[in-house]
Amino acid sequence: MEKVGFSVGSPAINGRGGVARSGEAAMCRKRHIKQMKICYNMSMKKLSTDNAPKAEHILSQGIVSGNTVYVAGQIHQRPDGSIVEGSVKEKVEQIMKNISAILQEANASIDDIVKVVIYVTDMAQMPELNEVYPTYFTEPFPVREAVGVQALPLGATIEISVVAIK
């Protein structure tokens with residue numbers, strides 16, 4: 001595959017020194033290439049650990065593509081399948097343990113997280129979640145979305161997915 005250079009805010013330059021066709025530039029954007037990096041045909045590597053819950057018949061715990069790590073949504077479930085009941089703090093603690101274990105498989109850590117999506121079944125949980133959440137991160141904090149949903153798998157009340165750059 002021909003390499004394609006891509007710079008945010010300017011036309012993509014193809015391997016021949018000319019402006020890339022729109023499909024070539026789109027390919028680079030799809031692959032989440034950082035500004036001024038070279039775009040190659042990147043493969044995906046599945047992440048798997050026994051230190052976080054598995055659902056291999058329907059999803060991967062995480063995927064690495066290039067230097068980007070995508071971690072599937074994690075609920076407050078222990079690796080043995082039991083659900084953590086109790087406070088929001090206890091639930092988030094288990095979720096972050098799961099996320100950390102998956103990131104570790106990619107030689108990444110919580111410090112590498114750039115985006116967090118939090119799903120909650122009751123937005124009234126957000127004040128307590130907002131007290132606990134910052135204890136896992138340092139400045140600059142990852143971007144974050146909080147989404148209220150009707151239900152989550154296995155009766156969970158909180159689910160968190162992340163994207164990290166290593």
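Hey, does segment 144-159 have a residue that's of a type in the set (Ser, Thr, Tyr) and surrounded by 13 or more Cβ atoms within 10 Å (Cβ to Cβ)?
Yes, segment 144-159 has at least one match.
Hey, any hits in segment 143-161 for a residue that's among the polar types (S, T, N, Q) and either in a helix (DSSP H, G or I) or in contact with a helix residue (DSSP H, G or I) (Cβ under 6 Å, 6 or more places away or on another chain) (or both)?
no
Taking segment 100-125 on its own, how many of its residues are small (Gly, Ala, Ser), out of contact with any Leu (no Cβ under 8 Å at 6 or more places or on another chain) and closer than 16 Å to Pro142 by Cβ?
2
Can you tell me which residue in segment 154-166 is farthest from Lys97 (Cα to Cα), limited to those that are under 18 Å from the mean Cα position of the chain (by Cα) and at pLDDT 95 or above?
Ile165
Assess whether Ile110 counts as being surrounded by fewer than 18 Cβ atoms within 10 Å (Cβ to Cβ), aliphatic (A, V, I, L, M) and without any contact (Cβ under 8 Å) to a residue 60 or more places away in the chain.
yes
Assess whether Gly81 counts as being over 24 Å from Val147 (Cβ atoms), of a type outside the set (Val, Ile, Thr) and more than 18 Å from the chain's Cα centre (by Cα).
So Gly81 fits the description; yes.
Against the definition (surrounded by fewer than 16 Cβ atoms within 10 Å (Cβ to Cβ), at pLDDT below 95 and either within 16 Å of Ile160 (Cβ to Cβ) or not aromatic (Phe, Trp, Tyr) (or both)), how does Glu56 come out, yes or no?
Taking the combined requirement at face value, the residue satisfies it.
Which of the residues spanning segment 126-140 are in a loop (DSSP other than H, G, I, E, B) and of a type in the set (S, T, N, Q)?
Passing the criteria: only Thr138.
Could you say whether any residue in segment 125-133 is touching a residue at least 40 places away in the same chain (Cβ under 8 Å) and of a type in the set (A, V, I, L, M, F, W, C)?
Scanning segment 125-133 turns up at least one residue that is touching a residue at least 40 places away in the same chain (Cβ under 8 Å) and of a type in the set (A, V, I, L, M, F, W, C).
The values are calculated or read from the model by the stated rules, or taken from the named source; none is laboratory data. Note that the structure is predicted; figures quoted are calculated from it, not measured. As a convention, Cβ positions derive from the backbone with ideal geometry for all residues, glycine included, and neighbour counts pool all protein chains shown.
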